[in-house]
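This report refers to the structure that appears directly beneath it.
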Amino acid sequence: MRPARKRRLYLVLLILIGAAAFVSLAMWGLGEYKMFFFKPSEVARGETPPGRAFKIGGLVKEGSVRRNGKTVEFTITDTLADVVIRYTGSLPDLFREGQGIVADGRLNADGVFEATNVLAKHDENYMPPEVAEALKESGAMPPHEIVRPKPGEPRPLGAR
Amino acid sequence: MWVWFHKLGSPKYFWGFSQRLLPWLGALTALSFLAGLALALVFSPPDYQQGETVRIMYIHVPAAMMSMLVYVVMAVAGAILLIWRMKMAEMVAAASAPVGASFTLLALITGSLWGKPMWGTWWAWDARLTSELILLFLYLGYMALYNAIEDRRSAGRAAAVLALVGVINIPIIHYSVEWWYTLHQGPTTRGVRIAGSIHPSMRWPLFTMMIAFNLFYALVLLKRVRCLILQNEKDSAWVRELASEK
């Protein structure tokens, strides 16, 4: 390679490395704020911003949904800890027991999460209804997405 | 291989080569779109959770994939331009930008249309959605910078540097759903490896649409580059000859 080209190649590599370093530092500085939501076990450990609104994500526990007029109360879990959520308003179509959800709101004094908004999370499994039926009957239904652990954390039961 | 690569670097050779390729590429693109759309919209089953809404995926996933692929093409072309000063590389990058921006916008809009009924919201500031939006701004920034500088040579180089810096965003978009908790679901396929699960009756329509989107990009890229060649080489002998023939 001619010297001038070699020099320009190094310059291009320098730009790439510089940009990567800058972005990595920015990401590292952002810390937890890159996460779209907190998990129930993080709430249990008191790692959420105190007194502020935040988002919480987990699986709706089987048999925990209680409706009282327009208000609905349910428990979400990451299999390590549970949080009770109270919400008044309309729920997304995908909301059901066993489904992953993300709720927006704040903890009250009793440790109940008062949600102002509930979003349903979709997992990465796609299949026709007949196949889902067959899988359910044989008990081989893939588990709904469990909140993935960050690297180095213990994996909750049932997570891939 | 290298000889062929160097020949493609000549606008005149590229013109002749693309001339012969275009009809085939056009036919293949049309065929794969017909097959893909028929499979995706008619012959594939509804999803067990999403119902018919799953059909948005057959546009959304290929569009999102292309939005990243086109940017990588732009960045590689930018590097070639900066190092080897190849005119064709600049034309490929400049021709790609609006196409990539369109794919990005399409991915964002279809995702939003899917998000409302499924998640319950049009938009969320999670890592995947935000990084894809930044990709759109990178494309727009590239086009604005390239067109704002009067001197064509410095315009190409300045825009190439922006394309290179922005390419850092591509792995961030790709891995955002694995590195961080996001509202967006994780990956179902990684290349040919399957991470989540997608039933074959939905996987093949999706793959067909991905091929169709790739061919479409190749087709539009060739056509746009040919326009740029005529513009840039308008004073050269072979283009004058071409013009006088018509």
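The values are calculated or read from the model by the stated rules, or taken from the named source; none is laboratory data. The structure presented is a predicted model; accordingly, all values stated were derived computationally and were not measured. All Cβ positions, even for glycine, are placed from backbone atoms using ideal geometry, and neighbour counts span all protein chains on display. Remember, those area values only see protein heavy atoms, side chains included, never the ligands or the DNA or RNA. Shrake-Rupley method; radii C 1.70, N 1.55, O 1.52, S 1.80 Å.
Computed values, structure above
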read-out	value
Per residue solvent-accessible surface (Å²) - the protein assembly as shown, probe of 1.4 Å	51
Local electrostatic count, B:MET143, Cβ distance below 15 Å [Lys/Arg +1, Asp/Glu -1]	+1
On Cα atoms only, tilt of B:200-232 relative to the major axis of chain B in degrees	20
Computed E for A:LYS34/A:THR116 - FRET, C-beta separation, R0 22 angstrom, nearest 0.05	0.50
Reach of B:LYS7 by Cα under 12 Å, taken over aspartates and glutamates that are not fewer than 8 positions away in the same chain	none
Most mobile of B:HIS199, B:HIS174, B:HIS184 in a GNM of chain B (Cα contacts under 10 Å)	B:HIS199
Shape of the stretch A:1-85, Cα gyration tensor, a/c cut at 1.5	prolate
Area accessible to solvent at A:LYS136, 1.4 Å probe radius, in Å²	120
All lysines inside 17 Å of B:LYS116 as judged from Cα atoms, apart from same-chain residues fewer than 8 positions distant	A:LYS121
Table column - 3J(HN,Hα) (Hz), the stretch B:27-44, Karplus curve with 6.51, -1.76, 1.60, x for Gly and Pro	5, 4, 4, 4, 4, 5, 5, 4, 5, x, 5, 4, 4, 6, 9, 10, 8, 8
³J(HN,Hα) computed for each position of the stretch A:43-49 - Karplus, 6.51 cos²θ - 1.76 cosθ + 1.60, integer Hz, glycine/proline x	5, 4, 7, x, 8, 8, x
FRET E, pair B:LEU21, A:LEU25, Förster distance 41 Å, beta-carbon r, rounded to 0.05	0.40
Within the protein assembly as shown, helix-based [θ] at 222 nm, where runs of 4 or more DSSP H residues each add -39,500 (n - 2.57), nearest 500	-19000 deg cm²/dmol
Qualifying lysines (Cα of each under 27 Å from Cα of B:LYS12; at least 8 residues distant if same chain)	B:LYS87, B:LYS223, B:LYS234, B:LYS246
Using θ = phi - 60° and Karplus 6.51 cos²θ - 1.76 cosθ + 1.60, couplings along the stretch A:11-24 (whole Hz; Gly, Pro as x)	5, 4, 4, 4, 4, 4, 5, x, 5, 5, 5, 4, 5, 4
Protein accessible area in the protein assembly as shown, 1.4 Å probe - carbon and sulfur %	65
Prolate/oblate/rounded label for the stretch B:5-62 (Cα gyration tensor, a/c 1.5)	prolate
B:GLU178 versus B:ILE149: modelled label distance in nm, points set 7 Å from Cα along the beta carbon direction	3.5
Relative contact order of chain B, pairs being alpha-carbon contacts under 8 Å that are 6 or more residues apart, as %	29
Neighbourhood charge, 15 Å Cβ-Cβ cut-off, centred on A:LEU135 and excluding it, Lys, Arg +1 and Asp, Glu -1	-4
Accessible surface buried once A binds B (1.4 Å probe; total of both sides; Å²)	3900
Charge sum, other residues only, whose C-beta stays under 13 Å from A:SER90's C-beta, Lys/Arg counted +1 and Asp/Glu -1	+2
At R0 = 45 Å, FRET efficiency that the Cβ-Cβ distance of B:TRP122 and B:TRP4 yields, to 0.05	0.45
